[in-house]
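Values in this text are rule-based calculations from the coordinates and carry no lab data. Just so it is clear, the model here is predicted, and its values are computed rather than measured. Here the Cβ positions follow ideal geometry from the backbone for every residue, glycine too, while neighbour counts run over all protein chains shown.
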Amino acid sequence: MDPTKPIQSEAFARIKVVGVGGGGSNAVNRMMEEGIEGVEFIAVNTDAQALMLSKAPTRVRLGDKLTRGLGAGGDPEVGRKAAEESADDLYNVLKGSDMVFVTAGMGGGTGTGAAPIVAQIARE
């Protein structure tokens with residue numbers, strides 16, 4: 001292997017980090033600020049305003065019909081239902097991944113309720 005030649009990105013696993021909810025999105029923002037490379041960052045949230053503040057290049061608003069972009073109100077059941085409503089969108093951003101890391105804060109509605117659904121879709 002010649003260290004002066006650029007390494008082809010196809011040789012590496014496609015790794016995605018998904019920040020779910022406010023806490024997960026904050027974690028993704030922090031990782032991006034640290035300059036982590038070789039990873040695709042994704043933010044998903046029920047809160048449209050918080051999602052707009054995310055630095056992640058890929059963003060998915062969960063549960064448009066259910067929450068109308070107003071968040072889960074701290075209710076994990078709303079977070080779960082919102083993720084289920086947006087399952088097709090989640091599948092589309094996660095397909096082709098070799099490895100997916102899901103980061104979320106436990107205690108809020110979106111992170112607590114939606115993270116298990118995101119993980120399940122990633123596994124599929």
Legend entry - Residue-by-residue Karplus 3J(HN,Hα) for region 69-78, coefficients 6.51, -1.76, 1.60, Hz, glycine and proline x: x, 9, x, 9, x, x, 9, x, 5, 5
Legend entry - About the Cα centre, charge dipole magnitude for region 35-118 (Lys/Arg +1, Asp/Glu -1 at Cβ), debye: 180 debye
Inset, instruction - Sort out the exposed loop trypsin sites (Lys or Arg not before Pro) in the chain (DSSP loop, at most 12 other Cβ within 10 Å) and tell me the longest stretch that has none. - result: 1-67
Inset, instruction - Measure nothing fancy, just the Cα-based angle from helix 109-123's long axis to the longest principal axis of the chain, in degrees from 0 to 90, nearest 10. - result: 50 degrees
Legend entry - Partners for Lys95 among aspartates and glutamates (Cα-Cα distance below 15 Å; same-chain residues under 8 apart left out): Glu40, Glu124
Legend entry - Stretch gain in nm, segment Ile15-Gln120, where the contour uses 0.36 nm per residue and the Cα spacing is subtracted: 36.2 nm
Inset, instruction - Choose one answer from Gly107, Gly19, Gly63: the residue with the largest mean-square fluctuation in a GNM of the chain with alpha-carbon springs under 10 Å. - result: Gly107
Legend entry - DSSP-defined beta bridges in the chain - what % are antiparallel, rounded to 5: 5 percent
Legend entry - Among Val100, Val18, Val44: highest mean-square fluctuation, GNM of the chain, C-alpha pairs under 10 Å: Val100
Inset, instruction - Find the all-direction average of the projected area of the Cα convex hull for the chain, expressing the result in square nanometres with one decimal place. - result: 7.8 nm²
